[in-house]
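What follows is a set of notes on a single structure, which appears directly below.
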Amino acid sequence: MPEGDTIFRTARALGRALLDKPVTAFRSTYPMLTRFNDNTPLAGQTVDQVESRGKWLLIHFSGGGTLATHMLMSGSWHIYRHGERWQQSRMNMRIVLENSEYVTVGFTVPVAKLVWRRDVERALRIPGTAIDVLSADFDPAEVARRVAAHGDEEIGDVLLHQEVIAGVGNVFKSEICFVTATHPFCRVAELDAERIALLVATSRKLVKANVMEDSGETIVTYGGRQRRTTHESDPSASLWVYGRAGEPCRKCGQQIRRRMQGPDVRVTFWCQHCQPLPCGSEVDG
């Protein structure tokens with residue numbers, strides 16, 4: 001599933017192609033979108049803003065409407081010049097938005113809504129900017145408060161709650177816990193305020209690092225390469241623990257563990273030595 005950094009970069013690229021340019025054509029295979037467009041045609045309007053909110057991508061139009069898409073596991077947006085060959089089959093097309101320069105195509109987008117901008121957060125339960133790790137309005141104190149409110153849950157699960165902290169996905173979850181030496185199966189109630197604040201700050205730091213355009217050797221941004229949360233330049237060292245079950249920890253050498261976690265059964269990776277449980281017991285992995 002695309003994480004917050006991927007959606008942020010997608011929104012940035014779409015914004016460069018669409019922003020302030022009159023829409024010349026819109027079409028979709030989704031009846032609800034075409035119905036909105038029939039009642040309030042997008043052609044002739046301009047795109048005022050393209051933004052990410054956690055894992056949602058929002059395209060705002062001058063007429064007051066907002067196209068909200070969620071990629072889940074399979075969706076993606078592509079940008080083409082007119083006449084350029086599409087990289088996916090037209091059977092996978094769900095949304096097309098055109099202007100005089102570009103054709104933007106949403107392929108296999110599973111969730112797409114056209115709503116009035118004033119209704120976006122209420123109608124779609126889209127996260128507010130205060131809890132979005134990539135927003136300039138991010139409020140770490142509010143996020144820490146929301147994390148602490150889930151005292152009976154494991155921190156690895158809580159980091160995936162988009163209503164708590166928006167933009168962190170499964171890869172970053174394991175990486176954040178490792179970088180902060182936090183056991184992902186530790187209950188939030190066992191973490192003190194300082195540790196929670198560190199988790200929140202690290203979440204923002206790691207995700208933001210992966211959307212920098214000039215990343216140099218410290219990170220790798222999306223574009224055919226993998227995220228990197230270590231400070232190694234070797235591409236094989238792109239992550240501390242995620243996807244490395246059975247391999248030696250990059251810090252201590254012990255084997256990285258893997259276990260499914262939470263009601264959604266998401267895979268989690270951690271190092272038993274570097275991320276001990278507060279109580280001293282250990283989760284089998």
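Data overview
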{"item": "Looking only at segment 190-200, and only at residues there that are without any contact (Cβ under 8 Å) to a residue 40 or more places away in the chain and in a helix (DSSP H, G or I), the one that is nearest to the chain's Cα centre (by Cα)", "result": "LEU198"}
{"item": "Boolean, VAL220 is surrounded by 15 or more Cβ atoms within 10 Å (Cβ to Cβ), modelled with pLDDT under 60, of a type in the set (A, V, I, L, M, F, W, C) and in a loop (DSSP other than H, G, I, E, B)", "result": "yes"}
{"item": "Test set (1) at pLDDT below 95; (2) touching a strand residue (DSSP E or B) at 6+ places or on another chain (Cβ under 9 Å) - PHE172 fails condition number", "result": "(2)"}
{"item": "Condition check for ASP152: open to solvent by 30 Å² or more (accessible area, probe 1.4 Å), over 30 Å from GLY63 (Cα atoms) and in contact (Cβ under 8 Å) with a residue 24 or more places away in the chain", "result": "yes"}
{"item": "Which listed residue, of THR29, THR40, is hydroxyl-bearing (Ser, Thr, Tyr), open to solvent by 40 Å² or more (accessible area, probe 1.4 Å) and farther than 24 Å from ARG204 by Cα", "result": "THR29"}
{"item": "One residue from HIS60, HIS78, HIS82, HIS70 being touching a strand residue (DSSP E or B) at 6+ places or on another chain (Cβ under 7 Å), over 26 Å from VAL164 (Cβ atoms), surrounded by 15 or more Cβ atoms within 10 Å (Cβ to Cβ) and not aromatic (Phe, Trp, Tyr)", "result": "HIS78"}
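Residue-wise test of (1) exposed (fewer than 13 other Cβ atoms within 10 Å of the Cβ); (2) at pLDDT below 90; (3) part of a helix (DSSP H, G or I).
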position: ILE176; (1), (2), (3): no, no, yes
position: THR202; (1), (2), (3): no, no, yes
position: ASP214; (1), (2), (3): yes, yes, no
position: ARG228; (1), (2), (3): no, yes, no
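The values are calculated or read from the model by the stated rules, or taken from the named source; none is laboratory data. Since we're looking at a predicted model, the values are computed, not measured. So basically every Cβ, Gly included, is an ideal-geometry build from the backbone, and we count neighbours across all protein chains shown. With ligands, DNA and RNA removed, areas are computed over all heavy atoms of the protein, side chains included. Shrake-Rupley method; radii C 1.70, N 1.55, O 1.52, S 1.80 Å.
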